[in-house]
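A quick write-up on the structure given underneath.
The values are calculated or read from the model by the stated rules, or taken from the named source; none is laboratory data. Source: prediction; values computed, not measured. Note: ideal-geometry Cβ built from the backbone for every residue, glycine included; neighbour counts use all protein chains shown.
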Amino acid sequence: MADQSSGRTASVSPGGMGLSKRPKGKSRELSPAKTFKWTIYHLFAAGGAIIMVYPVIWLLMSSFKPSDKIFVTSDSLIPDPWIWSNYTQGWEGIGGYSFGTFIWNSLVLVVLATIGAVISSAFVAFGFARLKFWGSAFWFTIMMITLMLPHDVVLVPQYILFSKLGWLNSINPIVIPAYFGMPFFIFLMVQFIHTIPREMDEAATIDGCGKFKLFYRIIIPLIAPALATAAIFSFYWRWEDLIGPVLYLNKPSLYPVSMALKMFLDADTLSNWGAMFAMSIVSLLPVIGVFFLFQKHIVEGISTSGLK
Amino acid sequence: MRTAWKNQLTGYAFISPFIIGFLAFTLIPIIASLYLSMTDYDLFTTPGWIGLDNYVEMFTKDKKYWQSLKVTFLYVFIGVPLRLAFALMVAMLLNTASKAIGLYRTIYYLPSIIGGSVAVSIMWRNIYGDQGIINLLLNSLGLDSVRWFADPLAALWMLITLSVWQFGSSMLIFLAGLKNIPRPLYEAASVDGANAFHRFFKITIPMLTPIILFNAIMQTIGAFMTFVPAYIISKGTGGPLDGTLLYSLYLFRQGFQFFDMGYASAMAWVMLIIVAVLTSVLFLSSKFWVHYESKEG
């Protein structure tokens, strides 16, 4: 892969934030020219940043406005009057189920699929990165091809397969395939394992460690950051996934958050924008929360593997 | 000998989840899909063999199919280059030692994290509404409001801007690449009197070409499969006048709304071929524009 060399080094120097490498104390005086450059730079960077997040802030502030005021006052961010009822109304849910049900459904999907994806991918990655066996290069190539395969190609036949198995209206079609390794995560972990010195393995093997023990005693703890990255991305993809639920979950009692929002949209009458916006914000909160908590892992994960 | 066999078995034991999953959920389905594409399968009756009829129908009779191809190509070939250009521009902007970089990087990346969600598509639908902030912005610039949901090209523009808005992950990959360009290269160039413009085109761009190639391939494939925004923004119809009928959405409609699974499978195979051709073209073209250090010595 084209990015391998650059990716490897990126993981060694994590993040690369420009934080305080300079000598402490503000002894250096900025010349007027430098101050000017500094100001222009931050005007640009901050201006761009504000444009990027403005829509999200607009959504957030609109969720506190009465529905009939949202578009009349869409030029102002400040709700007047400021109300909470969109949240209480939205939380009551739709189709007879409270929004709490949808969040619970999403959590079940996310947790089960993520556990499966991370564990199985770590297994496979260890096999590819550390074990020598006939055909390993062949299977690795196959995996890289799968990684680039458009998912639409398997949509129809998978649907038929899962319906023949009687899995419609269950979470099986979404959760079970995750237990067979996710190519993106395998690739990420293989990359990561390659950065671990092989002397580690040899020392462990001399001490009488079998391959399996080597895997879970030595490698697993060392690749914890990669596992965390995979778990975070799995969380995002499952939480936001729509096509899986659209195809396989056709009862409101099974709907995850993404489907619930779609239901709000379909029932979109002039009156309930506020509730829809409020629940959109609620659905984004875990995503944004995880993002701020685990930023470092995310940035490294993308820089090393080109994860989306 | 025994240990050799044992090594083989251990290796396969570890990668067996992938092999089983690949066979069950990828390879066999793909082959099945090729067979289905030559049938009139509708999920309820037994598939009837109709040879290449689906493909013939698609290319010679189905105007919507051509429309969805057109829309998708516009979406991919406008959206991906714009996204990469923004990604590179912002990455270069952020590739300086300032204390605020961490914060900026976070903010610029945020849309990529939430962008695939239904919530963001709902948001996008509404900022482009008749009274939405985009029209307010146009008005404040002295321009007329655009009825984004009435004009097919305007509607497609909503999808393209939503895709460009999520340039964050490419940006992070570029940023990692920029940090790997050896400083002395720039210093030597400056000594030789190269200005910023020269340094950008003679050093930065050539050194980044492997990453540009990687980003271009992954983003193109990803863009081809875009579904959620089109599905949510058009409320599942692909409207107005099929202006947002992206390929995936049309495939979904054929397969799961009209239950023409044979036709949807044929569409899927054509998509596979298009994506394979595009990827190969990008790979093959890389000989002419991607710079690999090792080869040049």
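Tabulated data for the structure shown
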{"read-out": "Of all residues in region B:101-118 being among the hydrophobic types (A, V, I, L, M, F, W, C) and at the interface with chain A (Cβ under 7 Å from one of its Cβ atoms), the one that is farthest from A:F292 (Cα to Cα)", "value": "B:V118"}
{"read-out": "Members of region B:135-165 found to be of a type in the set (A, V, I, L, M, F, W, C) and not in a helix (DSSP H, G or I), listed by number", "value": "B:L141, B:L143, B:V146, B:W148, B:F149, B:A150"}
{"read-out": "Identity of the residue in region B:1-36, surrounded by fewer than 15 Cβ atoms within 10 Å (Cβ to Cβ) and β-branched (V, I, T), that ends up farthest from A:L147 (Cα to Cα)", "value": "B:T3"}
{"read-out": "Residue under evaluation B:G193, criteria (1) modelled with pLDDT under 90; (2) within 14 Å of chain A (Cβ to nearest Cβ); (3) assigned to a loop (DSSP other than H, G, I, E, B), criterion not met", "value": "(2)"}
{"read-out": "Residue match in region A:120-132 (condition: in the same structural domain as A:M189 (by TED's automatic domain parsing), surrounded by fewer than 17 Cβ atoms within 10 Å (Cβ to Cβ) and not in a loop (DSSP other than H, G, I, E, B))", "value": "no"}
{"read-out": "Only one of A:Y236, A:Y216 that is within 12 Å of another protein chain (Cβ to nearest Cβ), over 27 Å from B:L251 (Cα atoms), aromatic (F, W, Y) and without any contact (Cβ under 8 Å) to a residue 60 or more places away in the chain", "value": "A:Y216"}
{"read-out": "Options B:A188, B:A176, B:A194, B:A230; residue that is crowded, with 23+ Cβ neighbours inside 10 Å, small (G, A, S) and over 21 Å from B:W66 (Cα atoms)", "value": "B:A176"}
{"read-out": "Top-ranked residue of region B:248-258 - restricted to ones that are within 8 Å of another protein chain (Cβ to nearest Cβ) and within 17 Å of the chain's Cα centre (by Cα), ranked as nearest to B:M58 (Cα to Cα)", "value": "B:L251"}
{"read-out": "Failed item, numbered, when B:L208 is tested on (1) closer than 29 Å to A:S258 by Cα; (2) within 12 Å of another protein chain (Cβ to nearest Cβ); (3) of a type outside the set (D, E, K, R)", "value": "(1)"}
{"read-out": "Elements of type helices (runs of 4 or more DSSP H) contained in region A:194-308, each with 1 or more residues being touching a strand residue (DSSP E or B) at 6+ places or on another chain (Cβ under 6 Å)", "value": "A:257-266"}
{"read-out": "Candidates B:W165, B:W157 - the one that is more than 10 Å from every other protein chain (Cβ to nearest Cβ), of a type in the set (A, V, I, L, M, F, W, C) and free of Cβ contacts under 8 Å to residues at least 60 places away in the same chain", "value": "B:W157"}
{"read-out": "Residue within region A:261-273 that is crowded, with 20+ Cβ neighbours inside 10 Å, in the same structural domain as A:F128 (by TED's automatic domain parsing), out of contact with any Lys or Arg (no Cβ under 6 Å at 6 or more places or on another chain) and farther than 21 Å from B:L249 by Cβ present", "value": "yes"}
{"read-out": "Residues of region A:161-177 that turn out to be crowded, with 18+ Cβ neighbours inside 10 Å, assigned to a helix (DSSP H, G or I) and more than 7 Å from chain B (Cβ to nearest Cβ), as a count", "value": "5"}
